[in-house]
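First the structure, in the form of C-alpha cells, and then the observations on it.
The values are calculated or read from the model by the stated rules, or taken from the named source; none is laboratory data. Given the structure is predicted, the values throughout are model-derived calculations rather than measurements. Cβ placement follows ideal geometry from the backbone for every residue including glycine, while neighbour counts extend to all protein chains displayed. Remember, those area values only see protein heavy atoms, side chains included, never the ligands or the DNA or RNA. Shrake-Rupley method; radii C 1.70, N 1.55, O 1.52, S 1.80 Å.
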Amino acid sequence: MRERISGLWQHSTLARHLIGAGAALLVVIAVMESVSEFRSIQLASMAYLGIAAGGLTVLTGLNGQISLGHGALMAFGAYTAALLLPDRESSTPLVLVIIAAVLVTLVVGIAVGVAAARLHGPYLAGATLALAVAVPGIALFFKETLGGEQGLRVVMPDIPEWVLNTAFFVTGSELSRSRYVAYIAWLTLIVVFTLLANLARSRVGRRWRAVRDDEVSAELAGIDLGRARVSAFMVSAAAAGAAGAMLAFTVKLAAPSAFSLTLSLTLLAAVVLGGLGSLTGALIGAALLTFLPGVVTDIGVGSGLSDIRAAELAPLVYGLVMVAVILVAPAGIVGSLRGLIARSRKTNPLTTTSKGTSS
Amino acid sequence: MQQFINTALGGLTLGMVYAAFALALVLIWRSTRIVNFAQAPMAMMTTFVALVVIDAGYSYWLGFAAALVSGLVLGAVLERVVVRPVEGKAEINAVILTLGLFIVIHGLAAVIFGNRYRSFPAPFGLRGIKVGDSTIALNGFGIFTIVSVLIVMALLVALFRFTDLGLRMRASAFNQEVARLLGVRVGQMLTLGWALAALVGSLAGLLIAGGSLVHPGFMDSVVVYGFVAAVLGGLDSPLGAVVGGLLLGLSLSFVSGYVGSQLVALAALVILMLVLTLRPGGIFAQTAERRV
C-alpha cells in the first residue's frame, strides 16, 4: 500500500499537484479565517498579482519570451468583468464572468502572441512595452462604453445562499463580502496554478523549455517553434485575463489608471524577484509586491518623509532589488535557494538520493 | 488646409525630438547590443536637474547646460557600475536590468522631487508665427527644437567621421575583439558611448518638457516612440533613426489631429508591428534581413 502511494507520488504529476492544491486550499482557509478584514483584501490583491505573475512566469521563465504588456492584458479581463457586472440586477454567475474574461484575453493573447512569436529579446520587450502604453488609450477613446478616465464600476452580485451556508458549516462564522472575494481570488489562483504546473510538467512544457534553451535543436527535434511560442503566450494571456477579473472583483473598478506601464513592470519585477521559471517564485514575488509597500512606506514616514513621497519608496526598493537580482543572483530567490541546496547535497554524499529526479 | 499644414509642422517638430531619442537608443545598441529602456527616466531625471537650477533663480541656459552635463555623467556612471556586468550576456538579463533601472530612477525622482506636475519654462515664445494673416503652428521653441537637434546630429556625425576618437568608437562598436587587438580601449569607448547617448536623451527630455508640465512619468511614452522610430530605421543606423523619428512624428501627429490623441500610442504599436512583420531590418534595410 505504501509503495503504491509512493509510486503514485513518483509517477503521477497530476495526483501530486491535486494533493498540493488540496493542501493549499486548507492553508488558505486557515489563513483567511485568522486574519482581519483589511488583510483579507490585501490577500485578494496578492492573489491577482500572483495569478498574473504565474502566467508571466510560464511565458518568460519556461519559454524565454519577455512581456512588458501583461498589465495591459489584465485590463481586457477586468473590463470584460466590468461589462458583465454593471449593476446589482446582473445575473451572470461569477464563474461565467471569469470564463468570459479568460476567453476575451485569450483571443487578444493569440493576436499578440502570433506577432510576438517572430520577435526576440529587446524587440519583443519593445513591442510589448508599446502594448502596455497603448491599451489604456483604448479605454479613453471609447468613452461611451468603457467609461473613459473614470472607468467602469464593478458591482459584485450577492453571495449565493449555498455559499453562505457552506462557509458557515466549514468555518463556523459568517462570510463577509470582502472575504468572499478573497476566497474567489485564491480559489482561482489554486486552479490556475494547478493547471500551469501540470502544463509545465507535460509534453507542452518540455517543448516550451526546449525552444527557450536552444531553438535550432528544438526545430531539428521536430518542434514547431512558432506554435510553441504562440501557445505559451496564449496560456499566459489566459492567466492574465483571470487575474484581471480578480482585480476587478477586488477593487470594484476597471479604470485605465490601474493598468499603467507600472503594473506591467511590477509584474515583471515579481517574476524576476521570485526567480524566473518557478511558480512558487511568482507567488513569493506577488507577496513581496503586496506587503513590502506598507512596510517600506512606514519606514519612510518614520524617517521623516511625507506620506506621498514615502509611498514612492516601495517601487524604488523593488527596482533596486530587481537590479541586484540580475547582477548578483540571476536565478532569483527560489532559483538561488535551489542552487544552494543542490550544492550542499553534492558536497555531502550521505544525503544524495540515488533516485535523482530531473527537475 | 491650414489644419493639415499645422498638423504636419507639429509632427515635424515632435519628430525631431523622437529622432533625438531614437538616436540615443541607436548609439547604445550599436556599441553594446542593449536597448536602453531606462533612457526615458534618465532623461526625466536630468530635466528635473535643469528645473532645480532654474527654480533656484539661475537662467534657463544654465539649467539647460546642467541637464546635459548631468546626462553625460549619469550615462557614464550607469554603464560603468551597473550595465558593464551584463554586457555580452543573455539578452533577457540586459532587458530586465534596464527595466529595473527604469523603476529605480522613477522611484528616486518621485522621492526626491515629488510626484506632482510642475511647469517647465521655455526660452522662446510659444506663440505661433504669423504668415500673411494666419498663424501657423510653428513657434520659436519649435524652431529651437529643430535647430538644436540638427546641431547635435551634425556634431555627432563630425565626431564619428572626422575624429580619431570617433574612429575608435566605431571600431569598438563594429568588432570589440579586433578593436582591442588594435589597441583601442574598448571599455572606455563603451562608457563614452553611453555618456553621449544619455546626453542626447537629456536634450530630448529638455525639448519635450519646454513650455509644458513635467512629473516623474512624463517621458515614459517617449521611450516607446523612440524605440519605434529606431526600429523604423533598423536600430543600427543613426540616419535611419532620424528619418524614422520624423516619419513617426508625422504619422502620430496626423493620428492625434484627425482621429484622437488617445490612440497615438496604439498607432505607434500598429506601426511597430507592421514594420517588424514586413521588414524586420527596418524600412531602409538593403542587406539580408537580420533575424529579430
All conditions in (1) within 14 Å of chain B (Cβ to nearest Cβ); (2) within 30 Å of B:Arg279 (Cβ to Cβ); (3) in contact (Cβ under 8 Å) with a residue 12 or more places away in the chain are true of A:Gly109 except (1)
Of (1) open to solvent by 10 Å² or more (accessible area, probe 1.4 Å); (2) assigned to a helix (DSSP H, G or I); (3) without any contact (Cβ under 8 Å) to a residue 40 or more places away in the chain, A:Ala238 fails just (3)
Listed by range, helices (runs of 4 or more DSSP H) wholly within region A:274-359 having at least 3 residues that are modelled with pLDDT of 85 or more are A:279-302, A:313-328
All conditions in (1) at pLDDT below 90; (2) over 14 Å from the mean Cα position of the chain (by Cα); (3) closer than 25 Å to A:Ala130 by Cβ; (4) not charged (D, E, K, R) are true of B:Leu78 except (1)
Note: among B:Ser253, B:Ser212, B:Ser261, just one is surrounded by fewer than 17 Cβ atoms within 10 Å (Cβ to Cβ), more than 14 Å from chain A (Cβ to nearest Cβ) and within 28 Å of B:Phe4 (Cα to Cα), namely B:Ser212
Checking A:Glu174, A:Glu144, A:Glu149 in turn, the sole residue that is of a type in the set (D, E, K, R), open to solvent by 30 Å² or more (accessible area, probe 1.4 Å) and part of a helix (DSSP H, G or I) turns out to be A:Glu144
| message | Please verify whether A:Ala243 is modelled with pLDDT of 90 or more and buried (at least 24 other Cβ atoms within 10 Å of the Cβ), treating the condition exactly as stated. | response | yes
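Listed here are the residues, each with its yes/no results for (1) open to solvent by less than 10 Å² (accessible area, probe 1.4 Å); (2) more than 15 Å from the chain's Cα centre (by Cα).
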{"site": "A:Val27", "(1), (2)": "no, yes"}
{"site": "A:Val31", "(1), (2)": "no, yes"}
{"site": "A:Ser40", "(1), (2)": "yes, yes"}
{"site": "A:Gly55", "(1), (2)": "yes, no"}
{"site": "A:Val58", "(1), (2)": "yes, no"}
{"site": "A:Ala75", "(1), (2)": "yes, no"}
message: Given the criteria in a helix (DSSP H, G or I) and farther than 30 Å from A:Pro93 by Cβ, does A:Val230 qualify?
response: yes
A:Arg207 fails exactly one of (1) under 23 Å from A:Val112 (Cβ atoms); (2) buried (at least 20 other Cβ atoms within 10 Å of the Cβ); (3) within 21 Å of the chain's Cα centre (by Cα); (4) more than 14 Å from chain B (Cβ to nearest Cβ), namely (3)
- Item | Condition check for B:Met219: within 30 Å of B:Ser59 (Cα to Cα) and within 13 Å of another protein chain (Cβ to nearest Cβ) | yes
Checked region B:238-284 for anything at pLDDT 85 or above and outside any helix (DSSP H, G or I); matches are B:Val259
Residue hits (region A:142-186; at pLDDT 85 or above, aliphatic (A, V, I, L, M) and more than 20 Å from A:Arg88 (Cβ to Cβ)) are A:Leu146, A:Ala182, A:Ala185
Of the listed residues (A:Val155, A:Val135), the one being assigned to a helix (DSSP H, G or I) and of a type in the set (Val, Ile, Thr) is A:Val135
Contact list, first residue from region A:322-339 and within 11 Å of chain B (Cβ to nearest Cβ), second anywhere and assigned to a helix (DSSP H, G or I) and at pLDDT below 70, beta-carbon distance below 9 Å, six or more apart or interchain, is A:Val325/A:Gly332; A:Val325/A:Ile333
The correct count of residues that are more than 11 Å from every other protein chain (Cβ to nearest Cβ) and either buried (at least 18 other Cβ atoms within 10 Å of the Cβ) or of a type in the set (Val, Ile, Thr) (or both) in region A:298-318 is 2
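If the requirement is being open to solvent by 10 Å² or more (accessible area, probe 1.4 Å) and within 14 Å of another protein chain (Cβ to nearest Cβ), which of these qualifies: A:Val104, A:Val114?
Of the residues listed, the single one that is open to solvent by 10 Å² or more (accessible area, probe 1.4 Å) and within 14 Å of another protein chain (Cβ to nearest Cβ) is A:Val114.
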Within region B:93-109, the residues that are facing chain A (nearest Cβ under 7 Å) and either in contact with a strand residue (DSSP E or B) (Cβ under 6 Å, 6 or more places away or on another chain) or not hydrophobic (A, V, I, L, M, F, W, C) (or both) are B:Asn93, B:Gly100, B:His106, B:Gly107
Check your understanding: Do the conditions hold for A:Gly64, that is, is it at positive phi and within 12 Å of another protein chain (Cβ to nearest Cβ)?
Key -> yes
Q: Please indicate, with yes or no, whether at least one residue in region B:28-50 is basic (Lys, Arg), open to solvent by 40 Å² or more (accessible area, probe 1.4 Å) and outside any helix (DSSP H, G or I).
A: yes
Within region A:119-138, residues more than 7 Å from chain B (Cβ to nearest Cβ) and free of Cβ contacts under 8 Å to residues at least 60 places away in the same chain come out as A:Leu124
Note on A:Val191: of the conditions (1) surrounded by fewer than 15 Cβ atoms within 10 Å (Cβ to Cβ); (2) farther than 30 Å from A:Val154 by Cβ, unmet is (2)
Counting only helices (runs of 4 or more DSSP H) entirely within region B:137-188, those with at least 3 residues that are within 16 Å of the chain's Cα centre (by Cα) and surrounded by fewer than 16 Cβ atoms within 10 Å (Cβ to Cβ) are B:140-162
Going through region A:246-273 in order, the residues found to be assigned to a helix (DSSP H, G or I) and away from every other protein chain (no Cβ under 13 Å) are A:Met246, A:Leu247, A:Ala248, A:Phe249, A:Thr250, A:Val251, A:Ala258
Checked B:Leu190, B:Leu247 against criteria (away from chain A (no Cβ under 14 Å) and farther than 16 Å from B:Thr13 by Cα); the one match is B:Leu190
- Is it fair to say A:Leu83 is part of a helix (DSSP H, G or I) and away from every other protein chain (no Cβ under 14 Å)? yes
